[in-house]
């Protein structure tokens, strides 16, 4: 069976991941957390608490006000000392709940619960119960999209396969790699719960071949157990973890343009989502913490298990601080992440960990100057969506949204491959993403 997809690149030699992949997960619990009521780009919640309220870890403090959001819970016990208000890029007012621990907060500790060390009996859990717990626990896609997981499983389509995205193809990031090495049983228990929630035939855990140690750990857990789970090792290639790319590589089929994977009988979940589901259902712990990679130009790169709302500045300082005078701070990875800061003093960073925060990457800032397109076609050859990025770029520069639409700009996955290979250093991915978002905005306004 083939294990490849159209296009893609090999942006690194692996030394970037070596910075943090071999270091065990560290635990960090701050005294103060700042929990945003917007945990992903399209999710907005309303705060249910006010200043002075006392909350316990796991209490619901935010509920969705629009589709695409999920419950938000207090990640530490303490008192609400402030509710900040900011305006996001879509002119929406977003509340940020600041909680301070009044006593010495019990640090996050590795669970000794049975589901973290053994496969458990799941026969008493029904499809309906699992989906209800997903919603109550605020479970979202942990790979970056942040879409509420329970909504995926409320589909009326017949689901045959659950694909567990454990590729972690983004350079530098290793949080998924580490949880596979350290929380293997929880992951497998979570995967089995996902299979039950979808009434699927089986799950396929998809791992790139630069993480064979993780594949071995999970493989040993399911060996000779006759479980509906397969481990599939894929060639390392970016962006292997894209939804459409992983479907093409593993199932040798394509998701139709404009459709979701469920249309072809597939649901895709990040490996971190599977582990979080086990925590919610088997550990009775809503999604209040996650593992975050802190890497790049810091003294001690590594992965941290932290409460949602942990300040970025604290994690950078916990990693020994930055090691370059002029740095660029990126939330996520270098290909798809968002640049938050350029300068020297990272103590001015206001951001805190979200449910979708996979990494905090510190790079040395360098200048980049665009030159005219030489029409070499390199961007078209590597585009995993089969688009012509240079043509969409020309249309975007002319503000020709109709032409962008005719060139299928909405099918762009914003992976950055086109920008990476462009010899003219053109910001193709950025402009196409802006055009794509404008097209989606127009569709929303039209009620489409």
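The values are calculated or read from the model by the stated rules, or taken from the named source; none is laboratory data. Note that the structure is a prediction, hence the values are computed from the model and not measured. Every residue, glycine as well, gets a Cβ built from its backbone with ideal geometry; the counts of neighbours run over all protein chains shown.
Can you confirm whether residue 168 is buried (at least 17 other Cβ atoms within 10 Å of the Cβ) and either touching a residue at least 60 places away in the same chain (Cβ under 8 Å) or in contact with a strand residue (DSSP E or B) (Cβ under 8 Å, 6 or more places away or on another chain) (or both)? Yes: the conditions hold for residue 168.
Quick check: is even one residue across segment 427-446 assigned to a loop (DSSP other than H, G, I, E, B) and either modelled with pLDDT of 95 or more or in contact with a helix residue (DSSP H, G or I) (Cβ under 8 Å, 6 or more places away or on another chain) (or both)?
Yes: one or more hits.
Summed over segment 428-446, the residues that are closer than 17 Å to residue 375 by Cβ and either surrounded by fewer than 20 Cβ atoms within 10 Å (Cβ to Cβ) or touching a strand residue (DSSP E or B) at 6+ places or on another chain (Cβ under 9 Å) (or both) give a count of 0. Taking residue 326 as the residue in question, decide whether it is more than 18 Å from residue 23 (Cα to Cα), surrounded by fewer than 19 Cβ atoms within 10 Å (Cβ to Cβ) and without any contact (Cβ under 8 Å) to a residue 60 or more places away in the chain. So residue 326 passes the test. Applying the set (1) surrounded by 15 or more Cβ atoms within 10 Å (Cβ to Cβ); (2) in contact with a strand residue (DSSP E or B) (Cβ under 6 Å, 6 or more places away or on another chain); (3) under 30 Å from residue 419 (Cα atoms) to residue 45 leaves exactly one unmet item: (3). Of the residues screened, residue 366 is not one that is part of a loop (DSSP other than H, G, I, E, B) and surrounded by 17 or more Cβ atoms within 10 Å (Cβ to Cβ).
Every residue, every condition in (1) touching a residue at least 12 places away in the same chain (Cβ under 8 Å); (2) part of a loop (DSSP other than H, G, I, E, B); (3) within 15 Å of the chain's Cα centre (by Cα), yes or no:
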position: 272; (1), (2), (3): yes, no, yes
position: 276; (1), (2), (3): yes, no, yes
position: 285; (1), (2), (3): yes, yes, no
position: 293; (1), (2), (3): yes, no, yes
position: 304; (1), (2), (3): yes, no, no
position: 314; (1), (2), (3): yes, no, no
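Entry remark, segment 65-86: residues being under 27 Å from residue 151 (Cβ atoms), free of Cβ contacts under 8 Å to residues at least 60 places away in the same chain and either in contact with a strand residue (DSSP E or B) (Cβ under 6 Å, 6 or more places away or on another chain) or surrounded by 13 or more Cβ atoms within 10 Å (Cβ to Cβ) (or both) number 2 in total.
Scanning segment 347-363 for residues that are under 20 Å from residue 26 (Cα atoms) and not in a loop (DSSP other than H, G, I, E, B) yields a total of 5. Against the conditions (1) part of a loop (DSSP other than H, G, I, E, B); (2) within 17 Å of the chain's Cα centre (by Cα); (3) surrounded by fewer than 24 Cβ atoms within 10 Å (Cβ to Cβ), residue 163 satisfies every one except (1).
Please state which one of 337, 359 is outside the structural domain of residue 169 (by TED's automatic domain parsing), under 17 Å from residue 419 (Cα atoms) and either surrounded by 12 or more Cβ atoms within 10 Å (Cβ to Cβ) or out of contact with any helix residue (DSSP H, G or I) (no Cβ under 8 Å at 6 or more places or on another chain) (or both). Break it down stepwise before answering.
Values: 359 fails: under 17 Å from residue 419 (Cα atoms).
Among 337, 359, only 337 is outside the structural domain of residue 169 (by TED's automatic domain parsing), under 17 Å from residue 419 (Cα atoms) and either surrounded by 12 or more Cβ atoms within 10 Å (Cβ to Cβ) or out of contact with any helix residue (DSSP H, G or I) (no Cβ under 8 Å at 6 or more places or on another chain) (or both).
Take the residues in segment 246-257 that are surrounded by fewer than 14 Cβ atoms within 10 Å (Cβ to Cβ) and touching a helix residue (DSSP H, G or I) at 6+ places or on another chain (Cβ under 8 Å); name whichever of them is farthest from residue 151 (Cα to Cα).
253
For segment 50-70, give me each residue that is under 19 Å from residue 353 (Cβ atoms) and over 17 Å from the mean Cα position of the chain (by Cα). Matches in segment 50-70: 55, 57, 58, 59, 60, 61, 62.
Take segment 124-152 and flag every residue that is assigned to a loop (DSSP other than H, G, I, E, B) and closer than 18 Å to residue 44 by Cβ. Show your work before the answer.
Residues of segment 124-152 that are assigned to a loop (DSSP other than H, G, I, E, B), as a first pass: 124-126, 137-139, 141-147.
138, 139, 141, 144, 145, 146, 147, listed by residue number.
Of all residues in segment 50-86, none satisfies the criterion of being modelled with pLDDT under 95, touching a helix residue (DSSP H, G or I) at 6+ places or on another chain (Cβ under 9 Å) and assigned to a strand (DSSP E or B). Within segment 220-250, take every residue that is part of a helix (DSSP H, G or I), more than 12 Å from residue 207 (Cα to Cα) and in contact with a strand residue (DSSP E or B) (Cβ under 7 Å, 6 or more places away or on another chain) and give me the one that is modelled with the lowest pLDDT. Across segment 220-250, the extreme among qualifying residues is 243.
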